[in-house]
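Written below as structure tokens is the structure these notes are about.
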Amino acid sequence: MPFVNYLTPFLLSFTFLLSESDSTVSQEFQGKAYYFSKSKMDLGTWGARMSEAQKKEIKNRLKNRLEKTYVLTFDKNESLFYEEEKVDAISGATDSWGSNFARGKQYKNVEENRLVQAQEFYGKRFLVKDELQKIKWEMGSESKQIGDYLCFKATAVIPTKELTWYDFSWSDLNPQGENPEIKLTSVEAWYTLQIPFKQGPAEYWGLPGLILEVSAGNTTMLCSQVVINPSEIVEIKTPDKGKEINKLDYSETIQTKMLEMRNNRGRRRG
């Protein structure tokens, strides 16, 4: 696993707050899982011309984008996944540019196959409603211990755009011809049957147990704490503010806006 050394300081600690009536998993069961994610920064050929000091400075400035913490509140059928906001270590401010392309609060209903995600793009609110991303998991026999949980490995291959539809890259604006290449991302997940719900962080779900670790592309997301039946039950609310739109239309809206910004910048320079 590419990030084992990076994630070692974030070893799992698990808190169980079970009442006497919770001898079996019931519909009233609720859990809260905390995840830490770390991404590798690929500087490509541009980075080859940089000194180690320059690379280190860029990584420090982009720390908030490369390292994130998330919370997943879940029960048997529903979950709400969101990022914990952090202040930029360099400027002391939040990352306003990055927030335009960050994942908003994400509601998943695995029983109804329903996704509702709140997104904000340059001050305009959107409410993205769609089906959950279909994932064809390949179940493996390999296992490992994550904290107090025995976890099993599963893998999948997912169209990259389905994992990053809320994000933007300038390469998205480049013409790709009539038959654009569909980029795929290999995913490796570790789930535990000790929490037998088909829940997981981000777009990942559908395994027979809670996903505690997932690696996709250059990012690994690891669960750092699980609280079972917390003393204060939190209602899993569906986001409800913003213009309703689906994932494809939202992605196209971002691309159109960014193309306008690029063209306007070009005209000003001319």
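So which of K68/K241; K76/K241; K153/K247; K134/K161; K108/K144 end up more than 22 Å apart, counting from Cα to Cα? Working shown, then result.
Values: K68/K241 24 Å; K76/K241 25 Å; K153/K247 29 Å; K134/K161 13 Å; K108/K144 27 Å.
Where the Cα-Cα span goes over 22 Å, the pairs concerned are K68/K241; K76/K241; K153/K247; K108/K144.
Ranked by Cβ crowding within 10 angstrom, fewest neighbours first, how are F126, F29, F121, F81 ordered? Before the final figure, lay out each step's value.
Working: F126 22, F29 16, F121 19, F81 25.
The fewest-first ordering by Cβ neighbours comes to F29, F121, F126, F81.
Order these peptides, 241-248, 139-146, by their mean beta-carbon neighbour count within 10 angstrom, highest first.
241-248, 139-146
FYI, it's all coordinate maths here, none of it is from the lab. Source: prediction; values computed, not measured. Here Cβ is always computed from backbone atoms with ideal geometry, including for glycine, and neighbour counts include all displayed protein chains.
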